[in-house]
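What follows is one structure encoded as structure tokens, with my remarks underneath.
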Amino acid sequence: MKRIFLLLAMIFTTQVIFCSSASIIPITGDIEPFQLAFIRRALEESDDSVLIFDINTFGGRVDTALKIATLIGSIQDSETVAFISAGPGSLGVSWSAGALIALSCGSIYMTEGTSIGAAAPVYQTQEGMVMAEEKVVSAMRGQMAALAEKNGYSIPAALGMVDKDLIDRKSTRLNSSHIPLSRMPSSAWKIKI
């Protein structure tokens, strides 16, 4: 965990936020149980008013992602921010389990050229990836919709991440037109999906 001390016109907002420090907690690679333990320990050690989850993952275990999302969602004394960055050493994606984790944060920020989504539950078989049965897809849709509603994101966009049949092209567009990019340092976009 990296700590940065800020007197901010914070990278992630167009408003001035005053806080003494923020914690950056990386969530990278496959989402596996060890990451839950790492994140829990990082949160126990942090007393910062802003917690930035730097998410770069193609996804991983849904059970672990649900536990991480629940842990992040239970935070009450700090602002939670999902940050999907691009650059050297970065995947530039928050897909599948990463999208679930991002939706559990109070704000999502993305740099240009990054993406979020692809959260349909799948299983690896000898024949390759197979879509999970409807029961699992339905549960995932419900969880994504609940997180979207809780944190003020577009429910149709969240549902479209899980089930391509539910995509409404007009309501799921990700854009930053409501925030002038010239006012956003490091090309970070705040999105309301």
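With the requirement that a residue be assigned to a helix (DSSP H, G or I) and either touching a residue at least 12 places away in the same chain (Cβ under 8 Å) or within 20 Å of SER107 (Cα to Cα) (or both), what does the stretch 154-167 give you?
ILE155, PRO156, ALA157, ALA158, LEU159, GLY160, MET161, VAL162, LYS164, LEU166
SER90: over 19 Å from ASP30 (Cβ atoms) and either more than 11 Å from the chain's Cα centre (by Cα) or open to solvent by 70 Å² or more (accessible area, probe 1.4 Å) (or both), yes or no?
Answer is no for this residue.
Among the residues of the stretch 137-153, are any of a type in the set (Phe, Trp, Tyr) and either in contact with a Ser or Thr (Cβ under 9 Å, 6 or more places away or on another chain) or in a helix (DSSP H, G or I) (or both)?
Looking for residues that are of a type in the set (Phe, Trp, Tyr) and either in contact with a Ser or Thr (Cβ under 9 Å, 6 or more places away or on another chain) or in a helix (DSSP H, G or I) (or both), one finds none in the stretch 137-153, hence no.
Among the candidates ALA99, ALA82, single out the residue that is part of a helix (DSSP H, G or I) and buried (at least 17 other Cβ atoms within 10 Å of the Cβ).
Exactly one residue qualifies, and that residue is ALA99.
Only one of MET131, MET161 is at pLDDT 90 or above, among the hydrophobic types (A, V, I, L, M, F, W, C), touching a strand residue (DSSP E or B) at 6+ places or on another chain (Cβ under 7 Å) and open to solvent by 40 Å² or more (accessible area, probe 1.4 Å). Can you tell me which?
Answer to the selection: MET131.
Does any residue in the stretch 99-121 that is among the aromatic types (Phe, Trp, Tyr) come within less than 6 Å, Cβ to Cβ, of a residue that is in a strand (DSSP E or B) six or more places away or on a different chain, and which pairs are these?
TYR109/PHE83; TYR109/ALA188; TYR109/LYS190
Considering only residues that are more than 11 Å from ILE25 (Cβ to Cβ) and of a type outside the set (D, E, K, R), which ones fall in the stretch 59-70?
Residues satisfying the conditions are GLY59, GLY60, VAL62, THR64, ALA65, LEU66, ALA69, THR70.
The values are calculated or read from the model by the stated rules, or taken from the named source; none is laboratory data. Source: prediction; values computed, not measured. Here Cβ is always computed from backbone atoms with ideal geometry, including for glycine, and neighbour counts include all displayed protein chains. We work out accessible area using only protein heavy atoms, side chains counted, and drop any ligands, DNA or RNA first. Shrake-Rupley method; radii C 1.70, N 1.55, O 1.52, S 1.80 Å.
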